[in-house]
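Below: the structure, in structure tokens.
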Amino acid sequence: MMDPTLDYISRYLLEEEIEELNINAHKDEAALQDIEKPFYEILGQKYPSTPNGQLVCSSQLESDLSSSSSLKSESSNNDTLVGSLPVMEFHKGIEEGMKFLPTINNLATDCKEKIISADPSEVKYENSAWYKLAEKDDFGMMSRPRSRKYSIGRDFDILEGRNSKISMVDSEEPVRDDVYDEVLLDHGDHRLKEEIWSLREALQLEASSGVRKEIQGDHELYTLLIHCSEAVAIYDQQRARELLNKIRIKSSPDGNGIQRLACVLADALEARLAGVGSEYFRRLIAKRVKFPYTYFLKGYHMFIRAVPLIRVYLCFSNRNILNVTRNARKVHVIDLGTKLGFQWPSLIQAISKREGGPPKLRITCIDLPEPGFHPAKRIENVGQRLREYARSFSVPFEYKGIASQWESIHIEELTINDDEVVIVSSLSGLSRVKDETFSMDSPRDRVLQLIRQIKPQIFIQAEPNRSYSSFFPTSFRQVLSTYAACYDLVDSTIPRKDKERKLLENVYFVPAIINSVACEGSDLKEKPETLKQWQRRNLRACFEQLPVNPDIVKECKNLVRDGYDNRYFVQEDDNWLLQGWKGRVLSGVTAWKPKLDEGC
């Protein structure tokens, strides 16, 4: 008589072998047939024919083995049969449940159609890819995907590799044209003021038409989102599902700020609940890689017309760089987090007008590698564009692009020359570098130590004013509070029916929100710190914070005052130039200089 426990282990191992065979079927059908035939011979059964060259379904083999083993157990001893009944019921339940699971091909199709949407807010709950990826229990609730022998995440990695073959940007896209010049160069304040006022007129026209009527229930939407995050944190699926349905009823991708934000947050919460947040984010980023640069250029153009944040950053950065390099013959700018390099054409233009002629300008751009077979493609395109601008403005120019994790850069790769004035700039935020939760030797501190080794004349740093918490509801509240202000700011300056508004939101807000809410652990791309936390970190790393030049503060305030909403503020506090909306500080920019004391 076989022990029921041993019988259960035997069946479990057999199921593992069969599942492994099912995975390998896509690689070698003939090999799978050779492996399955001996099982049928052991059972004394004839191996089924394979019409049209199709394989025998492994679930059918599992069923045959299960039924055959059950008959042998019944004939050998009734006690064994009684002891095996729970095991049989267990396996029967698994077999029935697997009928409702999608195949990997269906997963790929679902993700391509749903997750890769340029506007994730358009994804519907019942048809969303992460909903299909998850198993359902008897109540129709989502549960964590299976992860015994392999994981769905691994399958997504395989599919991601296949899709990345076409992720290269079109090589025929222009390096520079009139559209780039219109957006990236300084044409004086007059033209931009006209564009800002045209937005205001469109906003007033929309308000007079009744489109922007005040909608009741925004406060309730805040409450629903917070309660839903708490349900997701404790994995209360029934409660989370009920709240998500209520959120989707009250939210709208074309509504006011909080309604649009709720659509994105609902998708992110649902993905986290289903355990596929990382896959969702990777698909979203893989899709963005394929977009032409003009897609991001339009988003950038709308952003600077509606929100002064980037213009204030550029004003602060360029004025400080020009002041430091006033008499320099060679200037080396090291840019940490280049992204698309839109900030540098205006500096090249300004430096070309310097009295006595422009210096030789070197720009070293460092950013994270892109997914796919061309990790440095984007940063190389940035170099081509900057070379063209330097040539047109007769500025001696040298460029180097490095696609790498910032903390892994060695000073030798930067080729620092003694006769250069070196500037380090990080306007995209060092929050993208991993913190102490990933390594006792903090990657952020390693980047700061690299900057100290460079010994720049000035280190310009811009950061969002938001903190991260490992306790998800607290972290979610931070995301909700920050981006509610951002969406409200955009809603107060851009008409709701403007097509480029959605493009702006998809470029600047949606990916960060999805990653912050849906992802966790090492998949988080950003763990922000408050400005006070960054100040303490930099002081510990032996940096001296420089006072903000009053003339730069005045220029930035005038920039905001001329055309932008008067509820947006710029002010200096504790050597930070702060920016915010309706009293909430959204970000800050400051300048540092490394201390050269022996004690540091």
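The values are calculated or read from the model by the stated rules, or taken from the named source; none is laboratory data. What you are looking at is a predicted structure, and each value in this text was computed from that prediction instead of being measured. Methodologically, a virtual Cβ is constructed for each residue, glycine included, from the backbone with ideal geometry; neighbour enumeration extends over all protein chains shown. Just so you know, the surface numbers come from the protein's heavy atoms only, side chains and all, with ligands and any DNA or RNA stripped out. Shrake-Rupley method; radii C 1.70, N 1.55, O 1.52, S 1.80 Å.
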Condition broken by residue 252, with the remaining ones in (1) part of a strand (DSSP E or B); (2) free of Cβ contacts under 8 Å to residues at least 60 places away in the same chain satisfied: (1)
Count of residues meeting criterion [over 16 Å from residue 518 (Cα atoms) and within 13 Å of the chain's Cα centre (by Cα)] in segment 252-295: 4
Qualifying position, being outside any helix (DSSP H, G or I) and on the phi < 0 side of the Ramachandran plot, among 291, 303: 291
Only listed residue being open to solvent by less than 40 Å² (accessible area, probe 1.4 Å) and either in a loop (DSSP other than H, G, I, E, B) or at pLDDT 95 or above (or both), chosen from 369, 456, 375: 456
Matching residues in segment 418-453 - criterion: being part of a loop (DSSP other than H, G, I, E, B) and of a type in the set (Val, Ile, Thr): 433, 437
First in segment 355-376 and closer than 22 Å to residue 422 by Cβ, second anywhere and open to solvent by 30 Å² or more (accessible area, probe 1.4 Å) and acidic (Asp, Glu), Cβ under 8 Å, 6 or more apart: 360/398; 361/398; 362/398; 363/398
Leading residue by the ranking (surrounded by the fewest Cβ atoms within 10 Å (Cβ to Cβ)) among those in segment 485-503 that are more than 24 Å from residue 427 (Cβ to Cβ) and touching a residue at least 60 places away in the same chain (Cβ under 8 Å): 497
Residue within segment 559-575 that is touching a strand residue (DSSP E or B) at 6+ places or on another chain (Cβ under 6 Å) and closer than 22 Å to residue 470 by Cα present: no
Single residue of segment 459-472 satisfying the filter (open to solvent by 10 Å² or more (accessible area, probe 1.4 Å) and of a type outside the set (S, T, N, Q)) that is farthest from the chain's Cα centre (by Cα): 471
Lone qualifier among 584, 567, 561, 540 - being among the basic types (Lys, Arg), under 22 Å from residue 423 (Cα atoms) and open to solvent by 30 Å² or more (accessible area, probe 1.4 Å): 540
Cβ-Cβ under 7 Å pairs, at least 6 apart or on other chains, segment 554-572 side closer than 19 Å to residue 462 by Cα, far side part of a loop (DSSP other than H, G, I, E, B): 559/308; 560/308; 568/308; 572/548
Flag if residue 552 is farther than 29 Å from residue 256 by Cα and of a type in the set (Val, Ile, Thr): yes
Subset of segment 215-226 that is open to solvent by less than 70 Å² (accessible area, probe 1.4 Å) and either touching a Cys at 6+ places or on another chain (Cβ under 9 Å) or outside any loop (DSSP other than H, G, I, E, B) (or both) - its residue that is modelled with the lowest pLDDT: 218
Matching entry among 394, 408 (being within 25 Å of residue 448 (Cβ to Cβ) and either of a type outside the set (D, E, K, R) or touching an Asp or Glu at 6+ places or on another chain (Cβ under 9 Å) (or both)): 408
Top-ranked residue in segment 178-214 [being in a loop (DSSP other than H, G, I, E, B) and open to solvent by less than 70 Å² (accessible area, probe 1.4 Å); ranked as nearest to residue 259 (Cα to Cα)]: 212
Some residue of segment 274-287 being surrounded by 17 or more Cβ atoms within 10 Å (Cβ to Cβ), in contact with a Ser or Thr (Cβ under 6 Å, 6 or more places away or on another chain) and either more than 24 Å from residue 585 (Cα to Cα) or not small (Gly, Ala, Ser) (or both): no
Selected residue (criterion: least open to solvent (accessible area, probe 1.4 Å)) from residues of segment 346-366 that are of a type in the set (D, E, K, R) and more than 20 Å from residue 414 (Cβ to Cβ): 354
Among (1) open to solvent by 10 Å² or more (accessible area, probe 1.4 Å); (2) within 29 Å of residue 475 (Cβ to Cβ); (3) assigned to a helix (DSSP H, G or I), the one test that residue 311 misses: (2)
When residues of segment 395-408 are limited to those that are touching a helix residue (DSSP H, G or I) at 6+ places or on another chain (Cβ under 6 Å) and not in a strand (DSSP E or B), the one surrounded by the fewest Cβ atoms within 10 Å (Cβ to Cβ): 407
